[in-house]
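Okay, structure first, notes after.
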Amino acid sequence: MEKLYKEIEAVAKELVRIPSVNTTSGEKDIALFIEEYLRDMPYFKEHNDQIIIQELDSDPLNRRNVIAYIKGEKSKHGETILLHGHMDTVGVEDYAALKPYCFDPDQLLEEMLKMKQLPESVRKDLESGDWLVGRGSCDMKSGVAVFLVLFQYFSEKAKELNGNILLSINPVEENLHTGIIEATKVFKLLKDKEGFQYVLAINNDYICPLYEGDTKKYIYTGAVGKLLPCFYIQGKETHVGQCFEGFDASSVAARLVEEINLNTEYCDSYEGEYTLPPSVLKMKDLKPWYNVQTAADAFVYFNYFVHYESMGEIIKKLQQASKKALEEVEEKMNREYRSYCNLSGDTYSEIHFSKSLITYDELYQMALRQLGDRIATLLESKTYQMLQENVDKREIPMYLVKYLLQELKIKDPTIVLYFAAPYCPHNTLKKENKEEQDLILRLTEIINEYAKESEEEYKILQFFPSLSDSSYLKIDDDEESIQELISNFPEYELLYAVPLKNIKKLNIPAVNYGCYGKDAHKWTERVYKPYTFRTLPQLIIKTIEKFL
Ligand SMILES: [Zn+2]
């Protein structure tokens, strides 16, 4: 086993040494390294057609998925375990003065230890010699290294396997998840061609302590979902000299943020596990320059986590929030106007606007009715053109909405609610589903047994809390919910074509084991070697041996 440890550590370091920051050509470089690593294995010298390099669709950076599989030879079984992970990392600006060393684990360790301002807890870890540093060390190149070395290990044992192991290492995880999304097409192809039945997918994205002093290791049986609800707000501008005559779009945006941001009433729960509340990710008025007019329109969107709620329920909640924001802005105007009239001696009369909240679906249907079918092609070509111009994928729908409001001559204060990219489906193993319940019991047994053997304390949770590629292997939303999302997601096919139906058919139970580390996405990112390079690989070996 010490041989495995050394080998995994060496591969992890090599992977860290290849800069593969998201949206750089490094993502291709690391894919080439991984491909070569696989091609060097004696098994693939004989089975080189079992390595599939899938270049991403029209990707200017030539990024690719590296996919390979070992076919069990003991008996012919379709049962297949998918091992998957991502090869990209986040950027490196956080390293500041240490940036030149961030891809060199050994040098970086030395430089960090020389630092006077190194936080005490980090110093203690690093001085122990048990931690590996560098960008991607924790998120998640060590996880990929574990898979690569184990893949080699199992490639020598193909004769003892009652099923197949499929490996998929993907780029573009840290923003749009395009790698895994496109890989699902290959998984589907292999299902048809090789008869693969996917019994389990194991992701190795990092796990970490959930609170100070926490030493438990977490296994996740699913992934949190994420939506990006966007609100385009059309108000009525006015000159600051007639400030009570307009309907200020900025104030509506502010009210929406006040209502939704960090509000735990929007936390979703399933079987006692709660999502984090929504966070505002963008809020701006759309005035292009300075003048003394109030903002005619504004734009705001949120990160919104989901465990269970249907799209219908979520949309209803967001509609209520929007109506409340519109009402409250008007109420405040009346309150202030009344008090201003008291001060100035003017005569107060009630301010009233006819305000509305519409969903994108409602707006689109209205447009089809009033403007005809040609509107569909028109929106499509506008989207296509904006994509060419590199307009942000969240703002393209905003321009479409503005265009429709204008064409439909809707001039009153209006909020249009829509969804934009990215969208991560939520999934977990559910007790009410017999097959999934069996799988929970099977995994629990393996983990409990291994906990005793390894003297680790494990805890099984239902949802990996950070967004992950595992989202795209199984979708718990039903058809109706999916349809509701798509109809409110402008130009879904062009802007974020997740093959939802395909994924729904694949329905791969997706768990996360994970390398263990701290401070992912920070310059103090580090992975704990004894767990990651010794304990975790044994757990994966045990799991695969139990299943295949
Ligand atoms: Zn990750």
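The values are calculated or read from the model by the stated rules, or taken from the named source; none is laboratory data. Only a predicted model underlies this, so the values are computations on that prediction, with no experimental measurement involved. Cβ coordinates were reconstructed from backbone atoms using ideal geometry, including for glycine residues, and neighbour counts include every protein chain displayed.
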Note on region 186-205: residues within 16 Å of the ligand (Cβ to nearest atom) and either of a type in the set (A, V, I, L, M, F, W, C) or surrounded by fewer than 24 Cβ atoms within 10 Å (Cβ to Cβ) (or both) are ALA201, ILE202
I need the full set of residues from region 407-421 which are in contact with a strand residue (DSSP E or B) (Cβ under 7 Å, 6 or more places away or on another chain) and closer than 16 Å to GLU493 by Cα, in order please.
TYR418, PHE419, ALA420
Residue tally, condition basic (Lys, Arg) and either without any contact (Cβ under 8 Å) to a residue 24 or more places away in the chain or in contact with a His (Cβ under 9 Å, 6 or more places away or on another chain) (or both), over region 429-447:
1
Looking only at region 489-548, filter to residues that are assigned to a loop (DSSP other than H, G, I, E, B) and among the charged types (D, E, K, R); which one of those is surrounded by the most Cβ atoms within 10 Å (Cβ to Cβ)?
GLU525
Tally time: how many residues in region 301-316 are under 16 Å from the mean Cα position of the chain (by Cα) and of a type in the set (A, V, I, L, M, F, W, C)?
3
Would you list the helices (runs of 4 or more DSSP H) that sit entirely within region 105-159 and hold 2 or more residues that are under 19 Å from GLU14 (Cα atoms)?
105-114, 142-155
Take SER128 and decide whether it is within 16 Å of the ligand (Cβ to nearest atom) and in the same structural domain as SER20 (by TED's automatic domain parsing).
no
Being in contact with a strand residue (DSSP E or B) (Cβ under 9 Å, 6 or more places away or on another chain), not aliphatic (A, V, I, L, M) and not in a loop (DSSP other than H, G, I, E, B) is the filter here, so list the residues in region 363-406 that pass it.
PRO397, LYS402
Can you name every residue in region 447-485 that is in a loop (DSSP other than H, G, I, E, B), more than 16 Å from the ligand (Cβ to nearest atom) and of a type outside the set (D, E, K, R)?
GLN462, ILE475
Long-range neighbours under 6 Å by Cβ, at least six apart or interchain, first residue hydroxyl-bearing (Ser, Thr, Tyr) within region 172-183, second within 15 Å of the ligand (Cβ to nearest atom) and assigned to a loop (DSSP other than H, G, I, E, B)
THR178/VAL172
Taking the residues in region 132-143 that are farther than 17 Å from ILE67 by Cβ and small (Gly, Ala, Ser) as candidates, determine which candidate is nearest to the ligand (Cβ to nearest atom).
GLY136
Here, helices (runs of 4 or more DSSP H) confined to region 1-67 with at least 1 residues that are within 27 Å of the chain's Cα centre (by Cα) and without any contact (Cβ under 8 Å) to a residue 12 or more places away in the chain are 26-39
For region 415-432, how many residues are over 25 Å from the mean Cα position of the chain (by Cα) and not charged (D, E, K, R)?
1
Does ILE447 meet the test of being of a type in the set (Val, Ile, Thr), surrounded by 15 or more Cβ atoms within 10 Å (Cβ to Cβ) and either modelled with pLDDT of 95 or more or touching a Gly at 6+ places or on another chain (Cβ under 8 Å) (or both)?
yes
Being hydroxyl-bearing (Ser, Thr, Tyr) and not in a loop (DSSP other than H, G, I, E, B) is the filter here; which residues of region 211-222 pass it?
TYR218, TYR220
Within region 144-183, the residues that are among the small types (Gly, Ala, Ser), within 16 Å of the ligand (Cβ to nearest atom) and either surrounded by fewer than 24 Cβ atoms within 10 Å (Cβ to Cβ) or under 30 Å from LEU495 (Cβ atoms) (or both) are SER168, GLY179, ALA183
